[in-house]
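Visitor: Take this structure, written in structure tokens, and hold onto it; I'll ask about it next.
The values are calculated or read from the model by the stated rules, or taken from the named source; none is laboratory data. On a predicted model such as this, the values are computed, not experimentally measured, just so you know. Cβ atoms come from the backbone with ideal geometry, glycine included; neighbour counts cover every protein chain shown.
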């Protein structure tokens, strides 16, 4: 955030508007939306009272960062910035200035900046982009968990990834990760056999294990189904904090039901429901069914 404020302000001062806007857009889309939000999503879904302070800290961070972002966008998108300022920030805090235009221009706060951590995250972002490219080449969705990834890189990159190991596992959606400057022989042999997808950039090379056993297949399918249920929640107007009583999902064969049964509790937590029930055919019950495509099949979902 602090680097973005500093560099964005500098570009505006030099009338390099296209570059400035690209930097701000990249910060919102890549850093906030695609990296930070997935990092904290699970914590925000939790209702555990022991992690309340952690959740409040995350909310405070988002409040601050998004408010600064609105101020930075104001010279470029004044009407949208004013609308967000009035309908979100002033609505929740009437003591704020009457208009976004009366706010002070953001200034970088060096006390909040950790350049070593920024460098670690730059290396993390590079490796994650390679993991995503490897997934794309192997036609493996990001929400499908995979068993293992190996990163061949210089010592500085490996050290950064070790510092951010848990974050890397979460964002890469893998169960295990290793980092070294030399590729182990067993991986080289399996690459030759076609088991690993590889992508490289500069001095970094990523090896992604593409083999999925029944457990990984079931977990990946569970996330696909959960995504459809979450879409239906939104379509029906449920608030994110609402707890559903029961979710019915139909249209699976017996083998798929067997794979999913291991992850019903996880699915219920993801979609905030007390229970999720699976059906092979659509049962004759008094609910409204909604049809969704799922790969090469159609499934039917009902919320009650």
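Visitor: Only one residue in 151, 100, 131 is buried (at least 16 other Cβ atoms within 10 Å of the Cβ) and either more than 23 Å from the chain's Cα centre (by Cα) or modelled with pLDDT under 95 (or both), so which one is that?
Guide: 100
Visitor: Separate question: Regarding residue 223, is this residue crowded, with 17+ Cβ neighbours inside 10 Å and under 24 Å from residue 273 (Cβ atoms)?
Guide: Numbers: crowded, with 17+ Cβ neighbours inside 10 Å: yes; under 24 Å from residue 273 (Cβ atoms): yes.
When the stated conditions are applied, residue 223 passes them.
Visitor: Of the residues in region 184-204, how many are touching a helix residue (DSSP H, G or I) at 6+ places or on another chain (Cβ under 9 Å) and either in the same structural domain as residue 264 (by TED's automatic domain parsing) or crowded, with 17+ Cβ neighbours inside 10 Å (or both)?
Guide: Residues that pass the stated criteria total 5.
Visitor: Check off (1) part of a helix (DSSP H, G or I); (2) touching a residue at least 60 places away in the same chain (Cβ under 8 Å); (3) out of contact with any helix residue (DSSP H, G or I) (no Cβ under 7 Å at 6 or more places or on another chain) for residue 140 and give me the number that stays unchecked.
Guide: If we test residue 140 against (1) part of a helix (DSSP H, G or I); (2) touching a residue at least 60 places away in the same chain (Cβ under 8 Å); (3) out of contact with any helix residue (DSSP H, G or I) (no Cβ under 7 Å at 6 or more places or on another chain), just (1) comes out false.
Visitor: Something else now. When residues of region 20-41 are filtered for being exposed (fewer than 13 other Cβ atoms within 10 Å of the Cβ) and in contact with a helix residue (DSSP H, G or I) (Cβ under 8 Å, 6 or more places away or on another chain), how many remain?
Guide: 0
Visitor: Could you check region 241-265 and list, in sequence order, the residues that are out of contact with any strand residue (DSSP E or B) (no Cβ under 8 Å at 6 or more places or on another chain), surrounded by fewer than 14 Cβ atoms within 10 Å (Cβ to Cβ) and outside any helix (DSSP H, G or I)? First the steps, then the outcome.
Guide: Quick first cut of region 241-265, residues out of contact with any strand residue (DSSP E or B) (no Cβ under 8 Å at 6 or more places or on another chain) only: 241-242, 253-256, 258-259, 262-263, 265.
Retained after the next criterion (residues that are surrounded by fewer than 14 Cβ atoms within 10 Å (Cβ to Cβ)): 241-242, 253-255, 258, 262, 265.
Scanning region 241-265 gives 241, 242, 253, 262.
Visitor: From 96, 52, 84, 56, grab the single residue that is assigned to a helix (DSSP H, G or I), outside the structural domain of residue 129 (by TED's automatic domain parsing) and touching a helix residue (DSSP H, G or I) at 6+ places or on another chain (Cβ under 6 Å).
Guide: Values: 96 fails: assigned to a helix (DSSP H, G or I); 52 fails: touching a helix residue (DSSP H, G or I) at 6+ places or on another chain (Cβ under 6 Å); 56 fails: touching a helix residue (DSSP H, G or I) at 6+ places or on another chain (Cβ under 6 Å).
Within the list 96, 52, 84, 56, the selection yields 84.
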